[in-house]
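**Q** One structure, as structure tokens, below. Some questions next.
The values are calculated or read from the model by the stated rules, or taken from the named source; none is laboratory data. In this text, all values refer to a predicted model and were calculated from it rather than measured experimentally. Glycine also receives a Cβ, built like all others from the backbone with ideal geometry; neighbour counts cover every protein chain displayed.
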Amino acid sequence: MKKKTVVTMALATTLALGAATPQLAVMKGPSLEKVNSQFDKKVLNQLDAQRIYDNIDTLAQEPRVAGTDAEDQAVEFIAEEFESYGYDVEIQPFTFFGYTPPSSLSLSVEGFEGELNPRSFTYSVNGDVTGELVDVGLGTVEDVAGLDLSGKIALIQRGNISFGQKVLNAAERGAAGVVIYNNVDGVLNGTLGAYDERYVAAVSLSKSEGEALKALAGSTATLTVEGAEAGDRTSHNVIATKEPTNQKKANDDIIVVGAHHDSVPGAPGANDDASGTAMTLELARVLKNVPTDTELRFVTFGAEELGLIGSYHYVDTLSDEEIDNTVANFNLDMVGSRDAGDLVMRTLDGQPNLVTELSQKSSLKLNGEATPFSQGGSSDHVPFAAAGIPAALFIHSPLEPWYHTPDDTIDKIDIDKLQDVAEIVGSAVYDLAQFDHPSQSKNKEKVDVEADMIFEQSVR
């Protein structure tokens with residue numbers, strides 16, 4: 001698929017993908033070599049976007065929330081597909097503290113005309129409280145100091161500190177409930193970051209709703225959160241490994257191509273991220289019998305939507321030798337939306353690395369321009385980068401308007417976009433894995449990770 005020429009591009013959204021630098025960077029064309037011509041014969045012509053599309057359709061019949069039967073069925077399907085291509089497959093279980101969002105929310109305040117539309121925070125607890133609505137500013141330690149909030153509902157503006165800390169600060173002063181309202185126009189979708197038994201029931205409101213309630217401070221409010229559940233659950237990563245074709249010529253390098261197979265509650269997740277999962281399957285199929293001197297690992301991760309839990313588990317279980325030998329992670333997350341923008345790459349620190357260099361090389365050859373990159377997190381490349389492994393996220397930006405909604409369905413998937421990304425990534429992977437390619441440097445430069453770079457929802 002040909003894309004519009006982009007040399008620098010202002011980021012249109014950072015909601016789900018962490019902080020980003022103001023502009024996207026590209027390598028200049030003259031400095032790039034052409035993709036190995038053998039790729040066209042050995043791999044490029046074998047990539048089948050229709051097969052990717054069909055596998056997306058299979059995966060996206062229902063939401064695949066981590067730790068549920070639906071996710072287990074997806075894991076089984078992915079493993080069977082890998083096995084049908086001739087791979088030995090490892091299903092890697094891990095336990096995590098899971099969360100089911102509330103089934104119902106309600107908020108009413110005496111004197112408010114109209115209907116409030118509260119939203120839940122991930123990890124908010126249940127509660128049914130009626131009490132005085134108290135404006136406590138930003139909810140910092142200084143804002144609540146000296147206040148007696150016993151049995152009351154704290155009204156807090158977004159900003160300065162994390163949502164979770166706002167709730168804890170209010171709860172420590174006795175608040176029985178918390179309402180956090182946005183400091184910019186629009187609804188507020190957020191997470192408290194992790195479960196904490198000290199939390200009280202908390203919901204979010206839009207800026208306009210919150211400002212209206214601020215004028216009603218002192219009135220009686222009723223807040224109800226029902227149906228939220230938290231507890232230990234099990235998810236899985238699925239790992240298919242292609243050993244070097246000729247062990248005598250093996251260079252000990254490892255390349256990881258991956259995506260997450262879970263989705264958020266209520267969303268079938270066709271684009272997020274059945275698209276990346278199905279593309280990982282297709283690249284595994286096409287590259288299975290291609291001669292390489294590098295080990296290839298194709299991995300689909302569980303529990304990405306809850307804070308990259310599966311990919312962190314995968315990286316944490318690698319030996320020091322495996323981390324040293326892993327030279328690249330290609331992370332495919334939301335790569336088929338018809339309603340999203342152009343393809344971009346994102347690295348945790350915003351700097352170029354082996355993955356961006358190889359992918360710009362292949363995209364320049366295939367499309368006549370190099371795919372740009374910028375800083376971004378909130379996807380499964382983050383744990384790799386944190387361990388010092390060159391890694392990049394592949395995604396279309398700006399995001400589609402139906403991101404994380406029930407409308408993330410198969411009819412929104414663009415086959416041309418699937419083909420485009422598969423060719424760029426497949427070409428880059430083959431360029432690195434082909435015979436007689438020099439082994440890559442094992443010097444690892446770890447990247448610091450902020451909480452904003454882990455969660456897709458806002459944490460503050």
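**Q** When region 289-314 is examined, which residues are found to be surrounded by 24 or more Cβ atoms within 10 Å (Cβ to Cβ), outside any strand (DSSP E or B) and among the β-branched types (Val, Ile, Thr)?
**A** Selection gives Thr292, Thr294, Ile309.
**Q** Looking at (1) in contact with a Leu (Cβ under 7 Å, 6 or more places away or on another chain); (2) closer than 18 Å to Val89 by Cα, which is the one condition that is false for Leu213?
**A** (2)
**Q** What is the residue count in region 73-90 for residues that are touching a residue at least 40 places away in the same chain (Cβ under 8 Å) and either in contact with a Ser or Thr (Cβ under 9 Å, 6 or more places away or on another chain) or surrounded by 15 or more Cβ atoms within 10 Å (Cβ to Cβ) (or both)?
**A** 11
**Q** What number goes with the only condition from (1) farther than 25 Å from Val264 by Cβ; (2) surrounded by 21 or more Cβ atoms within 10 Å (Cβ to Cβ); (3) of a type in the set (D, E, K, R) that Arg346 does not pass?
**A** The single condition Arg346 does not satisfy is (1).
**Q** Does region 241-252 contain any residue that is basic (Lys, Arg), at pLDDT 95 or above and not assigned by TED's automatic domain parsing to the domain that holds Leu116? If you could, list the steps in order and put the result at the bottom.
**A** Initial filter on region 241-252 (basic (Lys, Arg)): 242, 248-249.
Checking the rest, the ones that are also at pLDDT 95 or above come to 242.
The next check asks that each one be not assigned by TED's automatic domain parsing to the domain that holds Leu116; those that pass are 242.
Yes, some residue in region 241-252 is basic (Lys, Arg), at pLDDT 95 or above and not assigned by TED's automatic domain parsing to the domain that holds Leu116.
**Q** So, one more: Can you confirm whether region 147-159 contains a residue that is surrounded by 20 or more Cβ atoms within 10 Å (Cβ to Cβ), assigned to a strand (DSSP E or B) and touching a Ser or Thr at 6+ places or on another chain (Cβ under 9 Å)?
**A** Yes, that holds for at least one residue.
**Q** I'd like to know if region 356-377 contains one or more residues that are touching a His at 6+ places or on another chain (Cβ under 9 Å), part of a loop (DSSP other than H, G, I, E, B) and within 30 Å of Gln50 (Cβ to Cβ).
**A** Here is the first cut: in region 356-377, the ones touching a His at 6+ places or on another chain (Cβ under 9 Å) are none.
No.
**Q** Any chance region 24-46 includes a residue that's surrounded by 15 or more Cβ atoms within 10 Å (Cβ to Cβ), at pLDDT 95 or above and within 23 Å of Ala370 (Cβ to Cβ)?
**A** No, because not a single residue in region 24-46 is surrounded by 15 or more Cβ atoms within 10 Å (Cβ to Cβ), at pLDDT 95 or above and within 23 Å of Ala370 (Cβ to Cβ).
**Q** Has region 332-355 got at least one residue that is under 18 Å from Leu296 (Cα atoms), free of Cβ contacts under 8 Å to residues at least 60 places away in the same chain and assigned to a helix (DSSP H, G or I)?
**A** No: zero hits.
**Q** Something else now. I need the full set of residues from region 106-137 which are assigned to a strand (DSSP E or B) and within 18 Å of Leu149 (Cβ to Cβ), in order please.
**A** Of everything in region 106-137, those that are assigned to a strand (DSSP E or B) and within 18 Å of Leu149 (Cβ to Cβ) turn out to be Leu107, Val109, Gly127, Asp128, Val129, Thr130, Gly131, Glu132, Leu133, Val134, Asp135.
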